[in-house]
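S.K.: Following this message is one structure expressed as structure tokens.
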Amino acid sequence: MNRSERWAGQIDTALPWFLYVFAFFLPFSISGSQAVLAVLVLAVFARAVLRRRLGFRPGPVGWVIVAMVAWAVLAAPFSLHPEGAASRLAKYWIWLSYFVVLAALPSREVLVRAWKVLAATGGVVALYGIAQHLVGNAVLLPFMPPEQLPVTTTGAVQAVGLFDHHLTYGNSLALTLLLAAGLIAAGRVWRDRIWLACCLGTMSMALLWSYARSAWVGLLAGLIAFGAALGRRVLAAVIAGAFVVVGVAYFASPGLADRLERVVRVDKNLERIYTWKTTVDMIADHPVFGIGPGAYRQMTQTYREGYNIHWTATSHAHNSYLHFAAESGVVAGLLFALMIGLAIGVGARRRSDVKQAEKGDRLLAGALAACVCFAAASALQHNAGDAEVCMLYQFAVASAVFLARDAARDEGNR
């Protein structure tokens with residue numbers, strides 16, 4: 001064995017540990033996640049150079065991600081406001097998460113361990129989120145000024161975990177929760193199922209008390225997809241359980257009741273509705289190259305004049321599909337939607353296999369549910385603009401693609 005192959009072998013040994021650390025940071029630290037992502041990028045690239053295999057197989061999802069980012073970069077100089085594009089486009093590097101996770105995964109066992117690390121960390125951090133809701137400023141003081149503590153219209157304290165916004169935390173929790181559900185469905189050791197169920201319980205409470213409506217909607221959509229993948233009985237149980245949880249929350253807490261009503265009442269969502277309308281106006285005025293990456297905030301005032309609404313959100317469109325289309329043109333919005341659809345299709349195509357008792361197939365149900373969750377929640381919130389949520393989503397998509405390929409290899413070997 002030559003020196004290059006020995007070094008490449010050492011990288012092979014280290015990559016699973018990098019994945020575990022990446023999964024560890026995802027539920028609570030964007031700085032930690034991005035630092036490990038940078039290490040993963042360098043390690044995967046170095047291994048490819050050492051083995052002289054620079055080609056890669058990202059699959060249809062990966063190619064659409066490449067096309068989406070490439071279009072945003074090419075359209076930026078011709079957009080309405082190209083001056084701030086460079087700094088904004090630099091943040092698109094997090095889309096490498098999908099590629100390096102997929103390239104670094106050596107086996108189904110490593111994926112299971114990474115999901116377990118993610119679920120365990122998410123469950124522990126959720127205890128902190130629950131304490132935030134119950135105790136308030138006393139918990140947050142060591143980490144952030146009390147004036148940053150988010151509070152609902154009814155005065156309830158919103159859980160934010162170790163992130164700085166309840167929507168970021170809620171949507172991150174929803175994805176982690178669904179991946180944990182996949183682990184429970186795939187698990188055959190009761191000890192694992194018990195501690196995962198405890199993590200699921202704490203994350204569910206923290207998600208409820210995050211008061212993140214987009215995350216609630218995304219979770220419901222993800223649970224329906226999860227139940228549908230595992231069969232009619234599971235689907236019926238999921239729907240019944242959702243009704244019970246919503247009913248108990250509605251009648252037990254005035255704060256949650258108010259927030260739940262805001263999910264379905266038009267008069268409680270006027271700002272969001274008119275945010276979408278003004279964003280569509282932006283798209284209609286600049287359909288090809290958009291207004292420019294990062295230019296949404298400076299354009300909002302121009303399009304919101306004449307509306308007698310108390311605007312609170314100015315930095316994004318509360319909708320990832322519309323936001324990409326506004327900043328980088330209709331093509332970018334369509335590519336983002338196509339990427340979402342292809343990611344869901346990875347799991348949906350193997351729906352009949354998921355019903356089997358095979359561990360990989362049951363895991364695929366969890367990954368599919370996470371993809372559906374992100375798709376639904378991104379219609380109400382700009383999740384793709386939240387690095388914390390976007391990186392976790394790409395981790396889920398890479399997991400789904402890996403599991404689908406692994407299942408196909410198993411079939412080919414039979």
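Every read-out reported here was derived from the displayed coordinates using simple, explicitly stated rules and does not represent laboratory data. Since the structure is predicted, the reported quantities are computational estimates derived from the model, not experimental observations. In this analysis, Cβ positions are derived from the backbone assuming ideal geometry, glycine residues included, and neighbour counts consider all displayed protein chains.
S.K.: Could you tell me the relative contact order of segment 178-293? Use alpha-carbon pairs under 8 Å, at least six residues apart, and round to a whole percent.
M.R.: 14
S.K.: Moving on. Using a Gaussian network model of the chain whose springs link C-alpha atoms within less than 10 Å, name the residue from Gly227, Gly341, Gly55 with the highest mean-square fluctuation.
M.R.: Gly55
S.K.: Can you give the convex hull volume per residue for the Cα atoms of the chain, as a whole number of Å³?
M.R.: Dividing the Cα hull volume of the chain by its residues yields 156 Å³.
S.K.: Further question: Picking from Thr275, Ser97, Val135, whose Cα lies most toward the positive end of the charge dipole for the chain (charges on Cβ: Lys, Arg +1; Asp, Glu -1)?
M.R.: Ser97
S.K.: Apply the Karplus parameterisation 6.51 cos²θ - 1.76 cosθ + 1.60, with θ equal to phi minus 60°, to every residue of segment 376-382 and state each ³J(HN,Hα) to the nearest whole Hz, in sequence, with x for glycine and proline.
M.R.: 6, 5, 6, 7, 10, 8, 7
S.K.: Could you tell me the relative contact order of segment 200-359? Use alpha-carbon pairs under 8 Å, at least six residues apart, and round to a whole percent. Walk me through the numbers before you get to the answer.
M.R.: On the way: 127 pairs, mean separation 32.4, N = 160.
Reported as a whole number, the value is 20 percent.
S.K.: Turning to a different aspect of this structure: Can you compute the modelled spin-label distance between Arg233 and Gln10, with each label point 7 Å from Cα toward Cβ, in nm?
M.R.: Inter-label distance under the simple model: 5.2 nm.
S.K.: What distance in nm separates the two pseudo spin-label positions at Val124 and Leu74, each 7 Å out from Cα along the beta-carbon direction?
M.R.: Label at Val124, label at Leu74, 4.6 nm between them.
S.K.: Which of the GluC sites (Glu not before Pro) found in segment 255-326 are in a DSSP loop and have at most 13 neighbouring Cβ atoms, other than their own, within 10 Å?
M.R.: When the GluC sites (Glu not before Pro) of segment 255-326 are filtered for loop state and at most 13 Cβ neighbours within 10 Å, Glu305 remain.
S.K.: Using the Karplus equation 6.51 cos²θ - 1.76 cosθ + 1.60 (θ = phi - 60°), what ³J(HN,Hα) coupling, rounded to whole Hz, does each residue of segment 76-83 give in order, writing x for Gly and Pro?
M.R.: 3J(HN,Hα) across segment 76-83, in whole Hz: 3, x, 9, 6, 5, 10, x, 5.
S.K.: Of the residues Leu322, Leu368, Leu134, which exhibits the maximal mean-square fluctuation in a Gaussian network model of the chain defined by a 10 Å Cα contact cut-off?
M.R.: Sorting by GNM fluctuation, first place goes to Leu134.
S.K.: Just to confirm the filter: which trypsin sites (Lys or Arg not before Pro) across segment 1-81 are DSSP coil and have at most 16 other Cβ within 10 angstrom of their Cβ?
M.R.: Arg52, Arg53
S.K.: Hey, what did the chain get for relative contact order, percent, Cα under 8 Å, at least 6 apart?
M.R.: 22
S.K.: Quick one: net charge of Ala257's neighbours, Cβ under 14 Å, K/R +1, D/E -1? Don't jump to the answer; show the numbers that get you there.
M.R.: On the way: positive: Arg213, Arg259, Arg262, Arg265, Lys268; negative: Asp258, Glu261.
In short, +3.
S.K.: Among Ala228, Ala180, Ala159, which one moves the most in a GNM of the chain with springs linking Cα atoms closer than 10 Å?
M.R.: Result: Ala228 has the largest fluctuation of those listed.
S.K.: If amide hydrogens are placed 1.01 Å from N in the peptide plane, which non-local residues have theirs closer than 5 Å to the one on Ile291?
M.R.: For Ile291, the qualifying residues are Leu80, Glu327, Ser328, Gly329.
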